[in-house]
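Trainee: Okay, handing you the structure first.
The values are calculated or read from the model by the stated rules, or taken from the named source; none is laboratory data. For clarity, every value in this text was computed on a predicted model and none was experimentally measured. Methodologically, a virtual Cβ is constructed for each residue, glycine included, from the backbone with ideal geometry; neighbour enumeration extends over all protein chains shown.
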Amino acid sequence: MAAPLFFFHGSDEFLLERSVQQEAAACGPAANLEIVDGRVHSSEEWDRLLGRLGDGLSTPPLLAPSGAVWVREASFLAVAPAAGEEAAIETFFSLLERAGRWSVPVFISASRVDRRLRTVKRLTAWPAAIVLEVPGSGPRDLEPFLAKELQRRALAMSPAVAAYFLELVGGPARSIFSELDKLELAIHPGRTVFRNDVEAVCCAGLVDNFFAPVEAYYERDEPALAREMRRFLAEKGEPRALLAALQSRCRMLLQMKALTTLGVPPGQGRGPSTQAAKEHIKRHCLFADGSEVFSQNAFYLRNLAPQLSRWTLESLEHARASFLEIFQQLLRPEVRSPGWWLSMLALP
């Protein structure tokens, strides 16, 4: 019997990863799961993905009877294939056929999917494919997740308190999970959670929540940016905090882009290996000694790489210049207007 192919997609990354891990645990111990980075933007990255996938399918686990492979954040399901990528995609599907013959479960996850793509249609029609759409990050989307988590933690909330909790904490699901951890520590299992408990224990995720507009801006998602800016300003968010977060992310992406443009992979070794790389970074007013921070924290490599691919050095420099202009106008009354911010943050 062919092994199943699990295809998970949805905008909430926490729920996406949690769903894959829970389904994988049903197939065997978590240690059996071989994780393959599915983000590809060049022929070299396709070679890396296909090589890792082939190795994962053909290498039996050392300490367990069976294994599985997870192609995580498959970016090729969101954009049409570039010239020359068709052969790589055919090889990818050939490897999926091999997984079926060898009874190796394969999990594929993607936070962005274009259902019109032939690759996506082919994947959803795959024999033994199990397609699961993970809920989004809106309060109504997260109601079932909250209900399941409360049941798992032996806590109870009335519908009115649950609605208030979701309104206060907001999304994504990771925020809800974190705030429920606090409630679980503060309230004994089996108790009912009341509104005053939520107000005493939980943080308001919507007030000064500048992370959502920052992520939308660097994802170059204009509809999301407009929506999140309106919400941020309506909830009396602090413009200076938002500008500081935008500038900080811009500096980080500028450094990563400078390194990768020069062919110096961030996170490998203690910094740029060439004088040219160091001079390039200094010219952009970035960290003085190069990429040392990346070798110490894999978060930036894993989570900022998709945003990095959407920006050029020139567009990042343009963004940084617009932040300076915003800073010079922060005392103007227009700073509370979503339209003013959207005009100042027009994507280059």
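Trainee: Taking region 216-240 as the search range and keeping residues that are over 19 Å from the mean Cα position of the chain (by Cα) and surrounded by 14 or more Cβ atoms within 10 Å (Cβ to Cβ), which one is farthest from residue 326 (Cα to Cα)?
Mentor: Among those residues, the one meeting the criterion is 231.
Trainee: So how many residues does region 24-55 have that are modelled with pLDDT of 85 or more, in a helix (DSSP H, G or I) and not aliphatic (A, V, I, L, M)?
Mentor: Of the residues in region 24-55, 10 are modelled with pLDDT of 85 or more, in a helix (DSSP H, G or I) and not aliphatic (A, V, I, L, M).
Trainee: Now for a separate question. Hey, can you tell me all the residues within region 116-143 that are surrounded by fewer than 19 Cβ atoms within 10 Å (Cβ to Cβ) and part of a helix (DSSP H, G or I)?
Mentor: 118, 121, 122, 124, 143
Trainee: So, one more: Take residue 246 and decide whether it is of a type in the set (A, V, I, L, M, F, W, C), surrounded by 13 or more Cβ atoms within 10 Å (Cβ to Cβ), in a helix (DSSP H, G or I) and in contact (Cβ under 8 Å) with a residue 60 or more places away in the chain.
Mentor: Yes; evaluated as a whole, the condition is true for this residue.
Trainee: Condition test on residue 101, is it free of Cβ contacts under 8 Å to residues at least 12 places away in the same chain and among the basic types (Lys, Arg)?
Mentor: no
Trainee: Let me ask something else about it. Tally up the residues in region 87-115 that are among the basic types (Lys, Arg), part of a loop (DSSP other than H, G, I, E, B) and surrounded by 13 or more Cβ atoms within 10 Å (Cβ to Cβ), please.
Mentor: 1
Trainee: Taking the residues in region 63-86 that are assigned to a helix (DSSP H, G or I) and under 21 Å from the mean Cα position of the chain (by Cα) as candidates, determine which candidate is nearest to residue 131 (Cα to Cα).
Mentor: Ranking the candidates gives 77 first.
Trainee: Do you know which of the residues in region 168-215 that are outside any helix (DSSP H, G or I) and at pLDDT 85 or above is surrounded by the most Cβ atoms within 10 Å (Cβ to Cβ)?
Mentor: 193
Trainee: If you don't mind, another one. Starting from region 7-26, keep only residues that are among the β-branched types (Val, Ile, Thr), then list their pairs with residues that are not in a helix (DSSP H, G or I) whose Cβ atoms are within a distance under 8 Å, requiring at least 6 positions of separation or different chains.
Mentor: 20/6; 20/8; 20/70; 20/72; 20/107; 20/109
Trainee: Restricting the first residue to region 312-326 and requiring it to be of a type in the set (Gly, Ala, Ser), which pairs with a second residue that is not in a helix (DSSP H, G or I) meet a Cβ separation below 7 Å and a spacing of at least six or different chains?
Mentor: Pairs that qualify, where the first residue is of a type in the set (Gly, Ala, Ser) and the partner is not in a helix (DSSP H, G or I), are 315/348; 319/348; 322/345.
Trainee: Another question, if that's okay. Right, residue 255: closer than 24 Å to residue 312 by Cβ, at pLDDT 65 or above and touching a Pro at 6+ places or on another chain (Cβ under 9 Å) or not?
Mentor: Yes.
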